[in-house]
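The next block holds one structure in the form of structure tokens; read it before the comments.
The values are calculated or read from the model by the stated rules, or taken from the named source; none is laboratory data. None of these values were measured; they are calculated from a predicted model. Cβ placement follows ideal geometry from the backbone for every residue including glycine, while neighbour counts extend to all protein chains displayed.
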Amino acid sequence: MFLLDKIMLLFNNQDVYIGYSIDEVTKIISVLTENNIKYKHKVVKLLRSDERFSLRRAGVNMNYDTQHIVSVKQSDNEQAKYLVNKVLHSLNSKK
């Protein structure tokens, strides 16, 4: 059954968060885990490791070098989006 859940998550998932903040991702993953929502966390590096000291990175803000994508099953999409928005709202209200 576990393998079936993994396969369904691959083909039947919705992105609930796309961003660059590790703090936001940590809190989002925490709240999804607390609510027993299975998720997939994908990390996209915009620069390769050998390009960190090349001219190609000139002018690139290194705060936006790593993109985080959190996806959930379509059946959990509405609840997950609600929880993600709640977390992001609480983080932004503290600033």
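Scan the stretch 23-40 for residues that are loosely packed, with under 15 Cβ neighbours inside 10 Å and in contact with a Ser or Thr (Cβ under 8 Å, 6 or more places away or on another chain) and jot them down.
LYS40
Of all the residues that make up the stretch 63-95, how many are touching a strand residue (DSSP E or B) at 6+ places or on another chain (Cβ under 6 Å) and of a type in the set (A, V, I, L, M)?
5
Going by what's in this entry, would GLN79 be described as in contact with a Leu (Cβ under 7 Å, 6 or more places away or on another chain), surrounded by fewer than 16 Cβ atoms within 10 Å (Cβ to Cβ) and modelled with pLDDT of 80 or more? It would help to see each step written out before you state the result.
Values: in contact with a Leu (Cβ under 7 Å, 6 or more places away or on another chain): no; surrounded by fewer than 16 Cβ atoms within 10 Å (Cβ to Cβ): yes; modelled with pLDDT of 80 or more: yes.
Here the answer is no, as GLN79 does not meet what is asked.
Among the residues of the stretch 38-45, are any modelled with pLDDT of 75 or more, within 24 Å of LYS94 (Cα to Cα), touching an Asp or Glu at 6+ places or on another chain (Cβ under 9 Å) and not small (Gly, Ala, Ser)? Spell out the reasoning first.
Step one: list which residues in the stretch 38-45 are modelled with pLDDT of 75 or more, which gives 38-45.
Then keep just the ones that are within 24 Å of LYS94 (Cα to Cα); that gives none.
No, there is no match, as no residue in the stretch 38-45 is modelled with pLDDT of 75 or more, within 24 Å of LYS94 (Cα to Cα), touching an Asp or Glu at 6+ places or on another chain (Cβ under 9 Å) and not small (Gly, Ala, Ser).
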